[in-house]
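The values are calculated or read from the model by the stated rules, or taken from the named source; none is laboratory data. Everything quoted here is computed from the prediction, not taken from an experiment. Neighbour counts run over all protein chains shown; Cβ positions are idealised from the backbone, glycine included.
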């Protein structure tokens, strides 16, 4: 996407209700671009035009978002037979990876890599399945020789997580759908300590991008179906490769030590 198209896509993501009732010209005015750019952006997102986009938005706004409902719709969409479900799931994953390149610009990716590469410690936040993905990212960074801290508790224990933050940390947050209390407090504490922060999200960029150093939009599959994390994993793996290009000597030393320890375990 061009910068103008990316700006339109971000506006659409953050202002769904307004997009439902606005013309291309009105959206263009709000996004400071042309109505032709609005149409091109809509098509780049996989829709034939604004009408199809509005239909999708209307279905999202009408539909329930419970897990049972998402499971039922996923089975209906992907197929009740295992082989059909497999093929359609692969297609959804491939579509998610393809759209990742449209949502994350080269400049934003480069900035994220640079923030991680020079960090003294990477703090990783995620709740539920996102927490498990954040932990995986942390393990890989540890192998690269980076210190990490997972902050994934809820309730009062999250105060202990916040208390562990320190100057020089870079905070990476995986957050989707809604602004949880824990995320809100983490953002506030990171701002108080003047920490660099990276938000990875599907729908919160418009609301939170002013509160973080960098916000990256990552799709999670089709709306109202079970969330799929292929694009998130793809982005995190790409960030690891990017960091490796910036700190190869440091990472090589760390991996040599890790390999020596592994050899002792199998000898």
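Structure above, values below:
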item	result
Number of the condition not met by residue 178 [criteria: (1) exposed (fewer than 14 other Cβ atoms within 10 Å of the Cβ); (2) over 14 Å from the mean Cα position of the chain (by Cα); (3) not in a helix (DSSP H, G or I)]	(2)
Residue list for segment 116-133, restricted to those being in a helix (DSSP H, G or I), closer than 21 Å to residue 177 by Cβ and in contact with a helix residue (DSSP H, G or I) (Cβ under 9 Å, 6 or more places away or on another chain)	130, 133
Hey, residue 197 under 17 Å from the mean Cα position of the chain (by Cα) and in a loop (DSSP other than H, G, I, E, B) or not	no
All helices (runs of 4 or more DSSP H) inside segment 1-115 with 3 or more residues being at pLDDT 75 or above	3-14, 16-21, 24-30, 35-44, 50-62, 82-103
Of the criteria (1) under 25 Å from residue 228 (Cα atoms); (2) modelled with pLDDT of 95 or more, which one residue 178 fails	(2)
Number of the condition not met by residue 190 [criteria: (1) more than 18 Å from residue 124 (Cβ to Cβ); (2) at pLDDT 95 or above; (3) out of contact with any helix residue (DSSP H, G or I) (no Cβ under 7 Å at 6 or more places or on another chain); (4) assigned to a helix (DSSP H, G or I)]	(1)
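Rundown of residues vs (1) assigned by TED's automatic domain parsing to the domain that holds residue 140; (2) under 20 Å from residue 12 (Cα atoms); (3) touching a residue at least 12 places away in the same chain (Cβ under 8 Å); (4) in a loop (DSSP other than H, G, I, E, B), yes/no style:
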| site | (1), (2), (3), (4) |
| --- | --- |
| 210 | yes, yes, no, no |
| 216 | yes, yes, yes, no |
| 241 | yes, no, no, no |
| 244 | yes, no, yes, no |
| 249 | yes, no, no, no |
